[in-house]
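Derivation of every value follows stated rules applied to the coordinates shown; laboratory data play no part. As the structure is a prediction and not an experimental result, all values here were calculated from the model. Cβ placement follows ideal geometry from the backbone for every residue including glycine, while neighbour counts extend to all protein chains displayed.
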Amino acid sequence: MPLRLPPPASSAPAHSCCTRPASPTPTCRRTRADGREVAALLAAAGECDFVVDATVGGLIHSDVRTRITGNGKRMLFVAEPNDVLERLMGSGELRASVERAGSKLRGGSILRVTNAAGMDLTADISGEDLPITHQWGYVDEPGRWDHWPSGFAACFPRDRSAEGQIVLQPGDALIPWQRYVRDEVTISVSKGFITEIAGGADAHVLNDYFESWEDPEVWALSHMGWGLLPQARWSAFDVYDPRSLYGRELRSTAGNFMWSTGSNRFADRETPAHLDVPMRSCTVEIDGVAVVSNGSPVEV
Ligand SMILES: [Fe+2]
């Protein structure tokens, strides 16, 4: 019988697709308990065939998830309003599209992302052991974890391999802040870490957020990939009350490029500080072959 983990009492805005809630508090960096520390709950989850994770932040990048799915249990994270869930159901067609994208990542060596604003970022994605995430929004096999709704493929590039600059444009998104970028931001990246954030108000806010943690690990880049869910809309943060959303829709928009910061269990980097940043109108290439062209997925 499915076990539904009770959400915590807090109604704080959800953190991104990784680890814990990271909504700003008076100190701008504290986190709240989300249920993963409750040993009895976790022990019970291990006895179930199918676990629905309804914690605020999701047990995504924690060892709790690994322990549950490692025992062959299916696990589905659910955190969006009902109408979003209904509208963004996955499908076999979506699954096939996500798996093709994952194969492209698996076979690649260099991921390069550009946009018309001057972005030019590269990362090493070589190797058979490259960690790749395939999400299509449902769990149809033992040991599988997914997040409903979803539709994207992503990888964790070789740690400290990302180089170049990211240029955010108005309309790109900042999650879990659940809002759009307001002005252009230039983010310099060296050896996998953000070294400078330049621009106007949003650059000031991003610098302030990262500095508040007083932890060099929060400046690291984490997973990178692109969205493939045709129904997902960029306008969701304005159409809905954004604080009612977890942000899955923006993460999955077809043809986005989404990168992230901080948490990376494959680099032994577990910090509650984690932003997911879906970007529009990017071109994503793997070894010189476009998989996303100016914001549209390239299917072959
Ligand atoms: Fe994430």
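For the chain, build the charge dipole from Cβ charges (+1 Lys, Arg; -1 Asp, Glu) around the Cα centre, then report which of ILE110, SER97, PRO216 sits farthest towards its positive end.
Most positive-ward Cα: SER97.
Could you give me the ³J(HN,Hα) list for the range 112-121, computed from phi with Karplus coefficients 6.51, -1.76, 1.60 and θ = phi - 60°, whole Hz, x at Gly and Pro?
Using θ = phi - 60°, the values come out as 10, 10, 10, 8, 5, 7, x, 5, 7, 10 Hz.
Search the structure for amide H atoms under 5 Å from the amide H of ASP53, placed 1.01 Å from N in the peptide plane, and list their residues when 5 or more places away or on another chain.
The list, which skips near neighbours in sequence, is LEU76, PHE77, VAL78.
Nearest 5 percent is fine: what portion of the DSSP beta bridges confined to the chain is antiparallel?
Of those bridges, close to 80 percent are antiparallel.
So, by mean Cβ neighbours within 10 angstrom, what's the order for 117-126, 41-50 with the highest one leading?
Order by mean packing, descending: 117-126, 41-50.
Applying a 10 Å radius around every beta-carbon, put 266-272, 220-226 in order of their mean neighbour count, most first.
Those peptides, ordered most packed to least, come out 220-226, 266-272.
What number does the range 120-203 give for Rg over Rh if you use C-alpha atoms and the Kirkwood radius?
Rg divided by Rh gives 1.06.
Which value at 222 nm does the chain reach when only helices count, each DSSP H run of 4 or more adding -39,500 (n - 2.57), with the total divided by all residues and rounded to the nearest 500 deg cm²/dmol?
One gets -5000 deg cm²/dmol as the mean residue ellipticity at 222 nm.
Can you give the log10 of the normalised intensity I(q)/I(0) at q = 0.07, 0.09, 0.12 Å⁻¹, computed with Debye over equal Cα scatterers of the chain?
Results for the chain at q = 0.07, 0.09, 0.12 Å⁻¹ read -0.23, -0.39, -0.73.
Highest mean first, how do 244-254, 228-238, 151-161, 190-200 rank when packing is the count of other Cβ atoms within 10 Å averaged over residues?
The densest-packed peptide leads the list: 244-254, 151-161, 228-238, 190-200.
Placing unit charges on C-beta atoms (Lys and Arg positive, Asp and Glu negative, everything else neutral), compute the dipole magnitude of the chain about its Cα centre in debye, rounded to 20.
440 debye
Output needed: percent of Cα pairs per 10 Å distance bin for the range 111-152, bins running from 0 to the one holding the longest distance.
The distribution over the range 111-152 is 23, 30, 34, 12, 1, given as percents.
Quick one, can you get me the convex hull of the C-alpha atoms of the range 30-159 expressed as volume per residue in Å³?
Hull volume over Cα atoms, normalised by residue count, gives 168 Å³.
Quick check: the distance between the Cα centres of the range 253-277 and the range 111-169, to the nearest angstrom?
One Cα centre to the other: 9 Å.
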